[in-house]
Structures are given as structure tokens and as C-alpha cells.
């Protein structure tokens, strides 16, 4: 037993030490700045909570994250269903279609959206050619741009857990339900849908948490009104040179993520992997 | 013995991998940092590369300038930039916050040729430019707005606008648009700040881009994403020279200098002083002229120049007549006074 423990420790040590030295320690040092404001130990948090600007930024972040989660869920559900059904070449094509964007730099993908969504870009030209609108629509540097970019980047994180959940559904359950006289709708509602919910919860947690921390896409595709928490943290550092405030805002973000993660583990069996069974 | 050589080896390895840095980074070449684009090109070709050649040293040119990074380096006592091209407000801010070296003017005799507005205890101007009105030729083929008042006139010049992401330049532009005369802009008062905010609220619904990087205005104007925008003069001159479908005017422009500062604790403080003095030498100032982006600051460098060549010289009296000289000390004042309220205004 003792030898086993040493073995485990030795295997874990390199990754653990690296994480501790280059990630955890600097992070703790940075976050501790939040309590060093000259106005008092908790002055930064008071400022964050009292300012209508910062409150609005935080609310904004949660709203955007929730909307992105809802849209990705709506898009990913039918896609995951198809993925779980098809076989052979179609499956290969589709799974690569889902995975391929993950291998392209997020910066490249975001800049591509800038080209597509600009005033005289292909999307606006198509909209005008089809007669939907006479003038170019404002698709860039506002909420629309941010949502389009974030949904595109985060879609795979929703598709994969849903696909995992749908693949794991025993087809005999549906046959049994059919055999026992349930209609298509009832089988869907009472058998299939509940079994995909853990996958949905996994994907939603992923997408929501990643959305909260998104920086590049909102910074490039959003305007000043669609500012989110990470953008605010960067503004504290680069424009105001106020590192205690930046650290306090980071702690607020980290705390929100931690609470959500805890809540998620209650109904998601994280130890069995995000691909819920 | 073995242990000792192991220690030396380990130290060398750690130093090579960047974990430990010698207190005086003599292994690192003299490093100059600027904003990138046309300005970095001008400073590199006119000043830094000739200076390095003259001294027989290696000099690195990097970009972009990031004040927060400078502060972090100084606080961590690991200064990697020896000379930095900054906005003027930082020269005053750096003195107040203590992250810049106070310049020893006895080592920079050429600074005597500078006007007072181009000097600060922690910084000196080595070249000049302006924040000017620029437009897209596809939006206004017959010429765009010729003043900030016209820039604000969205009925006469319809289309999306771009303005700088911070209050800098916008304070001046808004007050000029509101009808104040150039000599009434300073000193900054709370009433004038309120007036500028009101004027910015007026145009805000038409501002689709609050640009933060100098590369944005020429790019967004040439694709037609913006109809008109404020922009840095050198970037517009460079874009125009490359054939971009953009137009601009220096009229009503807000003229400023590019300030050179030395982060506190640089191992090359003396060399940095020498570089500033070199850049302010009349002959070296003249090297800016053929580059046609940013102008000299030393007036002796511009004598006997043809009218078309003197367009870029924002300090030339005939140009300054139609422009406003940005007062950097006042600029730092209004920036500091509006840090929170500016962000609030942006989110309205």
C-alpha cells in the first residue's frame, strides 16, 4: 500500500509541481492584491458591488453567457441526434465538421467573423440582395457580433456531451417503449428526452462557464456597450493601472465559476466524466 | 567539486531558460519599444537603427507600447524595455507614480531646442503627429468633414463614426465641435468636462467603433465599415501612400508629440539618454522628412521645406494655426478625473 502511494505521488509530482509553481502561486499572489487597496482591505469589493457600471458589466456577462448557452443548446440538439444516428462516411464527415473548428486558432475564427459580418461584407450583401433590408445591418461591434462569434466557438462543447449522452441510450429502450404501446411523442418525452438531459447539463455547464471567461471574441466583435467581466479586468490593468480592482474582479469571476461548478457537480457525476451516461 | 560544477550547470540552465535573470541584464541588447505601424517604422529608420550603428551595438525594436507592462516590469525589478515611446499623459503619470526615470537634461543638450510643451521631467518629445479627421472615400467621394463640428453633423455627413476608446482627444474634439475656440479648451474645468460629455452623448448613437489600436481607423475606413473616424495622422499618411480609398484633413486636428521615456531600473539608463539626445539632433530629425508619416519636433529641421512636404509638420506655424496643440499635463488631469464616469458613459 505504501509503495503504491509513493508510486502515485511520483507520477503526479511533475504535473503537480509545475502547476503549483507556474500557475497556482502566481495566481494566489495576483489575487491577494485585491486586499491591498489603500482605502482598506475590502474596499475593492465594496467598489465593485456599489458601482452601477460594474454591476451592469457583471449582469451583462451572465446574460450573454445564458443566451449563448441557450442558442448552442438549440443548435446542438438536432446535430447531436443526427451524429448519434449516422454511421460510416457520413459520421466521419460530420464529427470532423464538429471537431475541426476546435483545431483552428480562436483568433483566426474571430477575425474571419469580422470579415463576414462587416457593413459591406458577404452576409450584409446577401441580406440586401435578398431584399430583407435596404441598408446594411449593424452586425459587428455589438451584441449580435459577440453572440455569433461565441456560439460558433463554443458549439462543439455542447455537441460532444449531448452526442455522448445520445449514443449511450440503449435503442432497445425505445423499442420496448414502442412495443408497450407508447406513441412517438410519448417515447420521446418519457424515455429519450430524460436520458439526454445529463448530456445537456454537462454541455450547458461547459458553455456557460467558458462564456463567462470569454475575452478575445467580445473584445474584437463587441462594442463598448457589450463589455463583459474579462474585458473589465483588462481595462483595470491596462487603462486604470488599478491592479487591486483587477484582482477583486477576478476573484468575483472565479467565485461565480466555483459556485456554478459546485452546483453542477450535485447533479452531474463529474467523476464519471462529462460524457454523462 | 562535482557538486559545485553541478550548481554552476544548474544555474546556467536556469538562467538560459529564463528562470533566473542576472541583476544587470547585460546579456540582453538595448531595447526600444513603440506603438508599431508607421510610427515604429519612422523611429526605427530615423533614430534607433542609425544610433545602434553609430554606437556599434545591437538594438532591438519591439511593439506595442503597453504602460501596464512597463509598470509591471518596474515593480518586479525586471525591466526589459530601456526606452519606450509613450503618450504624453504617461510622462506625467509616470513621474507621479514613480515608474519612470527622471531625465538628466545635462546628458541631453539637444533638448534645449524643444518648446516647453514638449518637455516633462520624465519624458521628451522626439517626433510629432496629430489625431485628425479621416473619412472613407466610398462614403464621401467629394471630401469628408473639415472640422469637428462637421464631423458631429450626421445629417450632412451620414454614416457610422469611429472615435478613440479613451477620453483623450475626444475631450478636445468634442469641445471644438461644441464651438469653443482652440485657446478656450484649457485649462480643464468640471464644466468643460460636462460639456464634452454632453457633446459625446450626442454623437454616441452613431459611433459604432471606439478604436483602441492605431491600425483600426485606416482599415475600417477603407473597407467602408466606418464613414468617418478620428485617426492618427501617420497611420493615415501611410495608408494613403499604399493607395487606400481614404481621405483626411489636418484642419482641426489635435497635435501631439511622441514622448520617449525610460522605465525606472533599466540597465541602460545612460545609453537611453544618449539615444534621446541622438534623436533630437537636427540632422537626425531631418531623417523623418522623407518617411512622410510623423514630423520632426525640432523646428530647425524643417527650414526651407516645400509647402507640400510641410503638410505633415504639425508644428509648422502655418499648420498649427488650424490645429490644437494637446496639453498633455491637462490631458492627464481630465483622464484621471473621469476614469469611472467615462466607462459609465461608454455603457449608456
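The values are calculated or read from the model by the stated rules, or taken from the named source; none is laboratory data. Everything numeric in this text was worked out from a predicted model, so none of it was measured. For neighbour counting, all protein chains shown are included, and Cβ atoms are generated from backbone atoms with ideal geometry for every residue, glycine included.
The table below lists the values:
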item: When residues of region A:224-242 are limited to those that are part of a loop (DSSP other than H, G, I, E, B), more than 7 Å from chain B (Cβ to nearest Cβ) and within 21 Å of the chain's Cα centre (by Cα), the one surrounded by the fewest Cβ atoms within 10 Å (Cβ to Cβ); result: A:226
item: Matching residues in region A:90-133 - criterion: being within 14 Å of chain B (Cβ to nearest Cβ), part of a loop (DSSP other than H, G, I, E, B) and surrounded by fewer than 16 Cβ atoms within 10 Å (Cβ to Cβ); result: A:120
item: Any hit, region B:221-235, residues being away from chain A (no Cβ under 14 Å) and either in a loop (DSSP other than H, G, I, E, B) or surrounded by fewer than 21 Cβ atoms within 10 Å (Cβ to Cβ) (or both); result: no
item: Every residue from region B:63-97 that is more than 20 Å from residue A:236 (Cβ to Cβ), in contact (Cβ under 8 Å) with a residue 40 or more places away in the chain and either more than 18 Å from the chain's Cα centre (by Cα) or assigned to a helix (DSSP H, G or I) (or both); result: B:77, B:78, B:79, B:80, B:88, B:91, B:92
item: Per-region count, region B:311-335, residues part of a loop (DSSP other than H, G, I, E, B) and either in contact (Cβ under 8 Å) with a residue 60 or more places away in the chain or touching a helix residue (DSSP H, G or I) at 6+ places or on another chain (Cβ under 7 Å) (or both); result: 8
item: Count - residues of region A:232-260 that are under 20 Å from residue A:208 (Cα atoms) and without any contact (Cβ under 8 Å) to a residue 40 or more places away in the chain; result: 4
item: Residue A:209 vs. criteria away from every other protein chain (no Cβ under 14 Å), modelled with pLDDT under 90, in a helix (DSSP H, G or I) and within 14 Å of the chain's Cα centre (by Cα); result: no
item: Residue B:191 being more than 13 Å from chain A (Cβ to nearest Cβ), in a helix (DSSP H, G or I), within 29 Å of residue B:39 (Cα to Cα) and out of contact with any helix residue (DSSP H, G or I) (no Cβ under 9 Å at 6 or more places or on another chain); result: no
item: Scope region B:284-302; condition surrounded by fewer than 17 Cβ atoms within 10 Å (Cβ to Cβ) and farther than 16 Å from residue B:114 by Cβ; matching residues; result: B:290
item: Boolean, residue B:124 is closer than 25 Å to residue B:237 by Cα, assigned to a strand (DSSP E or B) and within 14 Å of another protein chain (Cβ to nearest Cβ); result: no
item: Identity of the residue in region B:317-335, crowded, with 16+ Cβ neighbours inside 10 Å and out of contact with any strand residue (DSSP E or B) (no Cβ under 8 Å at 6 or more places or on another chain), that ends up farthest from the other protein chains (Cβ to nearest Cβ); result: B:327
item: Those residues of region B:52-91 which are within 14 Å of chain A (Cβ to nearest Cβ), under 25 Å from residue B:294 (Cα atoms) and touching a strand residue (DSSP E or B) at 6+ places or on another chain (Cβ under 6 Å), in sequence order; result: B:65, B:70, B:86
item: Residue check for residue A:147: within 25 Å of residue A:69 (Cα to Cα), modelled with pLDDT of 90 or more, within 13 Å of chain B (Cβ to nearest Cβ) and not in a loop (DSSP other than H, G, I, E, B); result: no
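Conditions (1) in the same structural domain as residue B:76 (by TED's automatic domain parsing); (2) at pLDDT below 95; (3) in contact with a helix residue (DSSP H, G or I) (Cβ under 9 Å, 6 or more places away or on another chain), marked per residue:
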position	(1), (2), (3)
B:234	no, yes, yes
B:237	no, yes, yes
B:245	no, no, yes
B:274	yes, no, yes
B:279	yes, no, yes
B:282	yes, yes, yes
B:289	yes, yes, yes
B:295	yes, yes, yes
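Conditions (1) touching a strand residue (DSSP E or B) at 6+ places or on another chain (Cβ under 6 Å); (2) outside the structural domain of residue B:90 (by TED's automatic domain parsing); (3) in contact (Cβ under 8 Å) with a residue 24 or more places away in the chain; (4) surrounded by fewer than 24 Cβ atoms within 10 Å (Cβ to Cβ), marked per residue:
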residue	(1), (2), (3), (4)
B:249	yes, yes, yes, yes
B:271	yes, no, yes, yes
B:309	no, yes, no, yes
B:337	no, yes, yes, yes
